[in-house]
Amino acid sequence: MNKIAPHYDNNNILVTSPLLPPLEEFIPYLERIWQSKYLTNGGPYHQALEAALADYLGVKHICLFSNGTLALMTALQALRVGGEVITTPYSFVATSHSLLWNGIKPVFVDIDPVTCNLDPKKIEAAITPQTSAIMPVHCYGLPCETEEIQRIADTYGLRVIYDAAHAFAVKRNGVSILNHGDLSVLSFHATKVFNTFEGGAIICPDEKIKRRIDYLKNFGFADETTVVAAGINGKMSEFQAAFGMLQLKHVDDAFATRQRIYERYCDALGSVPGLTLLAPDEQTDWNYAYCPVFIHPEHFPLTRDQLYQKMKDAGIYARRYFFPLISEFPMYKGYPSSSSDNLPNASQTSQRVLCLPVHPTLSDAEQQRIVDIVLEAGQIAAA
Ligand SMILES: *Cc1c(COP(=O)(O)O)cnc(C)c1O
């Protein structure tokens, strides 16, 4: 039986196939690395990718990193964030881990059940004298309510760092959403829409903060004998940057394919009782990074976990992004804000969500097989 989604994620679970251009296209890039002898430390491909991505994404400055988690950790250092940070429990665990690694206490605030993003109406009640920042996530690449979040941040003097790991190339009203807040952080992990195997970046609004972040990701070195901060090693290598340059040539085609797949899922499953799909609003140019389906147990014959298992038995690896909630992991569940009473929408969404395979190499026949399994599951009650 054909397994759908032939790629391994962090838990060695088969998940979405990465965007992987033909190997022969990468060989000339490798030859140039061998010729230049620059393997890392801001070599020619690193510089080229920073410039190319700033242009492609429509942002001012970008600092490349070896992965998104180190970029999140460094973004917090760069803005000297401490104390408490308000964040969402409905995300990948690295969002909150970046806070713990900086000795910061995460304060979880519930999500909006429709957008799956931090609910701005609930932020103010969670602010204390220790609060220094808000770390929202553009979940599934759908934009947060950035204006409302900025208004709250301005009122209380807070920093805003967006975990934009899902939001590569997303625009609202034709403008990149990566320009909101003080900083935005991207991930280029193999499972993301644009990948450099491992990789990440911080989007920064000006040259000054870029310079500070560039020091921080290189041990704090300002020159041969000057160390200006307790930096870390977060540098992206030339190998990763070269692969990023090649990816950029293919990413628009990949978005077009993803959009077609997403629209086919909507056509096939959008009117099935008990299922809802996420949809971008009119202002949003989305990247179709994920295709979450929400299973409403009152109206669908199978629970989310039963459907998940049924698909798995058929060799189809849908993912429960995000289950469990971050606030349910042992290092977080002792915080008062982690109680499920504080997070009713996140708790419910986490029980209902199933992300269907969506990747540029998914064939029509494979997608039809996925659709058929979901439709068959939905008909059990109707029959
Ligand atoms: C992937 C991801 C990260 C971590 O990025 P890495 O590059 O894997 O370190 C952080 N936050 C979110 C929301 C993610 O999806």
Exercise for the section: Evaluate segment 216-234: report whether one residue or more is more than 14 Å from the ligand (Cβ to nearest atom) and assigned to a helix (DSSP H, G or I). Expected result: yes
Problem - Checking residue 137 against (1) under 12 Å from the mean Cα position of the chain (by Cα); (2) under 22 Å from residue 325 (Cβ atoms); (3) more than 11 Å from the ligand (Cβ to nearest atom), the condition it does not meet - result: (3)
Completion exercise
Sole miss for residue 227 among (1) of a type in the set (A, V, I, L, M); (2) modelled with pLDDT of 95 or more; (3) crowded, with 18+ Cβ neighbours inside 10 Å is condition (3)
Practice task
Return a yes/no flag: does segment 236-259 have any residue that is within 16 Å of the ligand (Cβ to nearest atom), in contact with a strand residue (DSSP E or B) (Cβ under 6 Å, 6 or more places away or on another chain) and of a type in the set (A, V, I, L, M, F, W, C).
Solution key: yes
Problem - All positions within segment 233-263 that are open to solvent by 70 Å² or more (accessible area, probe 1.4 Å) and either of a type in the set (A, V, I, L, M, F, W, C) or within 22 Å of residue 48 (Cα to Cα) (or both) - result: 233, 239, 249, 252, 253
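When segment 146-163 is examined, which residues are found to be farther than 24 Å from residue 284 by Cα and not in a strand (DSSP E or B)? Quick ask: steps written out before the conclusion?
Step one: list which residues in segment 146-163 are farther than 24 Å from residue 284 by Cα, which gives 154-159.
Listed by number, the residues that qualify are 154, 155, 156, 157, 158.
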Exercise for the section: Check whether at least one residue in segment 347-354 is in a loop (DSSP other than H, G, I, E, B), more than 20 Å from the chain's Cα centre (by Cα), assigned by TED's automatic domain parsing to the domain that holds residue 271 and of a type outside the set (Val, Ile, Thr), and report yes or no. Expected result: no
Problem - segment 57-111, residues that are open to solvent by less than 10 Å² (accessible area, probe 1.4 Å), touching a Lys or Arg at 6+ places or on another chain (Cβ under 7 Å) and of a type outside the set (A, V, I, L, M) - result: 63, 65, 74, 110
Exercise for the section: Can you tell me which residue within segment 161-204, out of those that are surrounded by fewer than 24 Cβ atoms within 10 Å (Cβ to Cβ) and under 12 Å from residue 69 (Cβ atoms), is nearest to the ligand (Cβ to nearest atom)? Expected result: 189
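Let's see how each residue does on (1) small (Gly, Ala, Ser); (2) farther than 16 Å from residue 269 by Cα; (3) in contact with a helix residue (DSSP H, G or I) (Cβ under 6 Å, 6 or more places away or on another chain):
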| site | (1), (2), (3) |
| --- | --- |
| 285 | no, yes, no |
| 291 | no, no, yes |
| 298 | no, yes, no |
| 321 | no, yes, no |
| 344 | no, yes, no |
| 350 | yes, yes, no |
| 377 | yes, no, yes |
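The values are calculated or read from the model by the stated rules, or taken from the named source; none is laboratory data. Being a predicted model, the structure only gives us computed values, none of them experimental. Neighbour counts are summed over all protein chains in view; Cβ atoms, including those assigned to glycine, are modelled from backbone coordinates with ideal geometry. Keep in mind that these areas ignore ligands, DNA and RNA; they rest on the heavy atoms of the full protein, side chains included. Shrake-Rupley method; radii C 1.70, N 1.55, O 1.52, S 1.80 Å.
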